[in-house]
Amino acid sequence: MPTFSKLSLQRLATCDQRLQDVCHAAIKRIDFTVLCGFRNKQDQNDAFERGFSKVKWPNGRHNKQPSQAVDLAPFPIDWKNLDRFKALAMIMLDEATKLHVKITWGGDFNQNGLPDDKFIDMPHFQTRD
């Protein structure tokens, strides 16, 4: 069974407890790494400048403490294999449902079952209240 690395656990610890719970359930089914939880001002603005975020500091879900967003990637990471990101997302959404946690995946922000046409963020998951 896959387990989190020390670095993934450190990053995950910056996140909302609900996201942590979903990730801990999902890691039992698929191997993945935690890329980031909380982002400080420099990291958020860098993500914005590089096109990985649509918002500057402090307007992102990653900018709250605890973070209301987490970025994940199936391990080992292959950025071109989108099917593995989709598989991870399906497991995350399934585990969230089981735990009664409302989350949104960045591959389908509008939650209509189709890839969004404005912004696709395959590694991104965020809480929905």
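For the stretch 73-116, what class follows from the C-alpha gyration tensor (a ≥ b ≥ c being the square roots of its eigenvalues): rounded when a/c is under 1.5, otherwise prolate if a/b is larger than b/c, else oblate?
Here the stretch 73-116 falls in the oblate category.
Only bridges with both residues in the chain count here: give the DSSP antiparallel percent, nearest 5.
90
Which percent of the accessible area of the chain is formed by carbon and sulfur heavy atoms (probe 1.4 angstrom)?
C and S fraction of accessible area: 53 percent.
Roughly how many debye, to the nearest 20, is the charge dipole of the chain about its Cα centre, given +1 on each Lys and Arg Cβ, -1 on each Asp and Glu Cβ, and no other charges?
The calculation lands at about 260 debye.
Need the list of lysines near Lys54 for cross-linking: C-alpha distance under 27 angstrom, and skip anything on the same chain fewer than eight residues off.
Lys41, Lys64, Lys80, Lys86, Lys102, Lys118
First check a/c for the stretch 52-99, with a ≥ b ≥ c the square roots of the eigenvalues of its C-alpha gyration tensor; if it is under 1.5, answer rounded, and if not, answer prolate when a/b is larger than b/c or oblate otherwise.
Verdict is oblate for the stretch 52-99.
Taking a probe of 1.4 Å, how large is the accessible area per residue of the stretch 4-129, in Å²?
57
Considering the dipole of the stretch 42-129 built from charges on the beta carbon (Lys and Arg +1, Asp and Glu -1) around the Cα centre, which of Ala87, Asn59, Phe48 is farthest to its positive end?
Farthest towards the positive end: Asn59.
Taking the Cβ of Val55 as the centre, find all other residues whose Cβ is under 15 Å away and add up their charges (Lys, Arg: +1; Asp, Glu: -1).
+3
The values are calculated or read from the model by the stated rules, or taken from the named source; none is laboratory data. Model, not experiment: these values are computed from the prediction. Heads up, the Cβs are rebuilt from the backbone with ideal geometry, glycines too, and the neighbour counts pull from every protein chain shown. Heads up: the accessible areas ignore ligands, DNA and RNA and are worked out on the full protein's heavy atoms, side chains in. Shrake-Rupley method; radii C 1.70, N 1.55, O 1.52, S 1.80 Å.
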